[in-house]
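For reference, the structure is listed below as structure tokens.
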Amino acid sequence: MENKSLYFISPGVLEVREDSVPVPGHNQVLVKTQFSAISAGTEMLLYRGQFPDNLPLDENIPSLSGAVKYPLKYGYALVGEIMQVGSGVEATWMGKKVFAFHPHSSHLIAGINELMPIPEELSLEDALFFPNMETAVSFIMDGAPRIGERVVVLGQGIVGLLTTALLEKFPLSSLVTFDRYEMRRKFSEDFGADQSLDTENIKERAQNQEFTTNLVHMADIVYELTGNPDGINLAIETAGYEGRIVIGSWYGKKKAEIDLGGWFHRGRLRLVSSQVSQIDSSLSSRWDKKRRYSLTWEMLRQVKPSRLVSHKFSINEVAKAFKLLDENPENALQVILRY
């Protein structure tokens with residue numbers, strides 16, 4: 001039996017490498033992977049060579065703490081089953097289904113403290129969405145929506161859809177989303193958006209009196225989750241006086257040309273940077289990662305996001321998976337690898 005791992009060789013070039021299956025040491029276990037999820041955000045930045053050179057891959061995940069240097073392994077959503085335990089680990093861990101923040105690989109060695117048991121009522125595919133759901137939870141915390149507010153979400157990729165699903169639980173006045181892909185807009189309305197509008201036709205819609213009255217300079221909170229730097233200016237256009245714009249997109253090396261000369265200045269708008277690695281200092285006296293993880297599992301139970309899995313590829317077909325996300329994103333939602 002061989003261990004298969006995905007390597008990013010250079011921009012646009014992937015390789016599956018094989019080596020022997022590792023053996024767990026003291027206080028370690030061996031996990032056999034069932035599925036791993038491809039991030040259409042961060043991983044596509046690596047695939048396209050758009051990841052900043054001066055940042056670690058992820059300073060909060062030990063396996064990803066190094067700088068970007070090809071070839072490299074990446075990925076942070078993996079689910080599988082413990083098939084062997086090392087000394088010092090109770091035998092009751094054998095056979096447990098677990099989640100790991102770990103690069104794409106058919107097997108992995110980890111300490112128990114690096115794994116999260118998957119609740120029995122959740123499928124493995126639901127559990128794959130843990131990182132995205134935690135990110136959505138973080139966005140909600142940073143945006144702090146209030147009763148009766150008008151909320152706009154720009155971008156209905158996976159994180160955008162999960163953010164919409166959580167916002168739907170609030171007693172908002174309105175929840176409007178934007179995305180250029182029809183499939184995402186349909187899911188957005190299924191997840192609770194009052195309307196999901198096409199960003200490609202935004203200029204035409206701006207001539208519509210109803211659109212102008214209800215959206216331009218009207219939103220209390222705008223979530224910018226498109227991954228496209230142009231999204232910030234649409235966020236500024238839709239935010240109301242003293243509105244909050246939560247920027248959850250990460251652009252990598254892509255630069256944002258922001259129009260700060262008009263409504264942004266006179267509207268006294270606030271830009272809020274939101275990133276899941278940390279908890280806002282105003283919350284950290286009561287919230288820690290453990291508490292947020294618990295909430296994330298509960299939101300996964302309620303939303304059941306596995307319906308967003310649109311494609312499954314074997315690890316040996318990984319080049320097809322990335323090509324789909326790169327060239328035809330309108331046809332894909334969550335793409336996962338199976339082992």
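Every read-out reported here was derived from the displayed coordinates using simple, explicitly stated rules and does not represent laboratory data. Bear in mind the structure is a predicted one, so any value in this text is a computation, not a measurement. For neighbour counting, all protein chains shown are included, and Cβ atoms are generated from backbone atoms with ideal geometry for every residue, glycine included.
Just a few scattered comments:
- Straightening the chain between TYR293 and LYS323 buys 7.6 nm, computed as 0.36 nm per residue apart minus the Cα-Cα spacing.
- For the chain, modelled as a GNM whose springs connect Cα atoms under 10 angstrom apart, the maximal fluctuation among GLY25, GLY157, GLY75 occurs at GLY25.
- Here the calculated FRET efficiency for ARG286 and ARG17, from their Cβ-Cβ distance with R0 = 30 Å, stands at 0.10, rounded to the nearest 0.05.
- Taking the chain as a Gaussian network of alpha-carbon nodes connected by springs under 10 Å, the highest mean-square fluctuation of the residues SER20, SER273, SER138 belongs to SER20.
- For SER314, the amide hydrogen comes within under 5 Å of the amide hydrogens of ARG338, counting only partners 5 or more places away or on other chains and with H modelled in the peptide plane.
- Convex hull volume per residue, computed on the Cα atoms of the chain, equals 138 Å³.
- Pairwise FRET efficiency - SER314 versus LEU271, Cβ, R0 = 25 Å, nearest 0.05: 0.05
- Net charge over other residues, Cβ less than 12 angstrom from the Cβ of THR135 (K, R count +1; D, E count -1): -1
- Projecting the Cα atoms of SER196, LEU167, GLY86 onto the dipole axis of the chain, where Lys and Arg carry +1 and Asp and Glu carry -1 at the beta carbon, places GLY86 farthest toward the positive end.
- Counting neighbouring beta carbons within 10 Å and listing from fewest to most, the residues LEU225, LEU108, LEU46 come out as LEU46, LEU108, LEU225.
- Span per principal axis, largest first, for the Cα atoms of the range 132-273 (Å): 36, 35, 29
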